[in-house]
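Contents: one structure, followed by commentary.
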Amino acid sequence: FWDARAGSGEVLSVIDADDGDVQSVDWCGQDENLVLTGTSNAVVKVFDRRKLSSGTGAKRNELIRLTHHTKGILCVEWCPNQKGVFASSAEDGVLNVWDMGKTHSKSSDVPPQLLFQHVGHRAEVGDFQWNPEDPWTILSTSNDNSLRGGGGTLQVWRMNDLIYRPEEEVLEELERQREKILGK
């Protein structure tokens with residue numbers, strides 16, 4: 001990880017950004033300082049280029065380190081519509097959607113930043129793209145030709161808005177629906 005735009009000054013770098021190979025990287029479209037990486041050892045990291053160290057041998061200085069995939073990361077991408085939201089896909093067949101703004105989880109074995117897991121593919125999720133015109137919509141691909149006798153899978157999907165909307169707003173809406181159903 002090298003930022004050589006320093007001109008004649010020291011190059012900003014992160015030597016050995018991870019124990020595994022960095023297989024995917026993406027600049028944040030809403031914050032030019034944030035960089036997202038995905039590695040062969042199933043780790044997703046967010047770096048802030050303003051916090052990179054100078055010179056060789058700089059320490060690993062990621063903002064966030066996420067380890068909720070079981071196999072190597074194949075693709076990472078920031079959401080174009082929501083600040084701090086990104087996704088990662090991996091050889092484990094899972095596409096995780098993350099929110100840097102989440103700080104607590106209802107389960108101790110789930111990272112607080114994990115917003116949603118798409119487990120609709122039957123093989124590794126090799127690529128995906130957020131739809132910039134249709135918020136929360138993702139196009140994802142998997143190479144499950146060995147399972148089906150040829151070809152891969154292409155899925156277009158969107159999370160239910162009850163997942164990402166503020167909890168208080170969701171509870172109010174659900175209460176209104178409950179009252180309608182029960183006639184109260």
Original post:
Just for region 12-25: of the residues that are assigned to a strand (DSSP E or B) and open to solvent by 40 Å² or more (accessible area, probe 1.4 Å), which one is modelled with the lowest pLDDT?
Top reply: LEU12
Subject >> All positions within region 105-145 that are assigned to a strand (DSSP E or B), touching a residue at least 24 places away in the same chain (Cβ under 8 Å) and not polar (S, T, N, Q) >> reply: LEU114, LEU115, PHE116, HIS118, VAL125, GLY126, ASP127, PHE128, TRP130, ILE138
**OP:** Check LYS102 against each of (1) basic (Lys, Arg); (2) at pLDDT below 95; (3) open to solvent by 70 Å² or more (accessible area, probe 1.4 Å); (4) part of a loop (DSSP other than H, G, I, E, B) and name the one condition it does not meet.
**Re:** (3)
Original post:
Could you say whether any residue in region 80-87 is assigned to a loop (DSSP other than H, G, I, E, B), buried (at least 19 other Cβ atoms within 10 Å of the Cβ) and either on the phi < 0 side of the Ramachandran plot or within 13 Å of the chain's Cα centre (by Cα) (or both)?
Top reply: no
**OP:** For region 89-99, indicate whether the set of residues that are acidic (Asp, Glu), assigned to a strand (DSSP E or B) and open to solvent by less than 40 Å² (accessible area, probe 1.4 Å) is non-empty.
**Re:** yes
Original post:
Taking SER142, is it open to solvent by less than 50 Å² (accessible area, probe 1.4 Å), modelled with pLDDT under 95 and in contact with a Pro (Cβ under 8 Å, 6 or more places away or on another chain)?
Top reply: no
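The values are calculated or read from the model by the stated rules, or taken from the named source; none is laboratory data. None of the values given here were measured: they were computed from a predicted structure. Reconstructed Cβ throughout: ideal geometry from the backbone, glycine too, with neighbour counts over all protein chains shown. Ligands, DNA and RNA are excluded from the accessible area calculation, which covers all protein heavy atoms including side chains. Shrake-Rupley method; radii C 1.70, N 1.55, O 1.52, S 1.80 Å.
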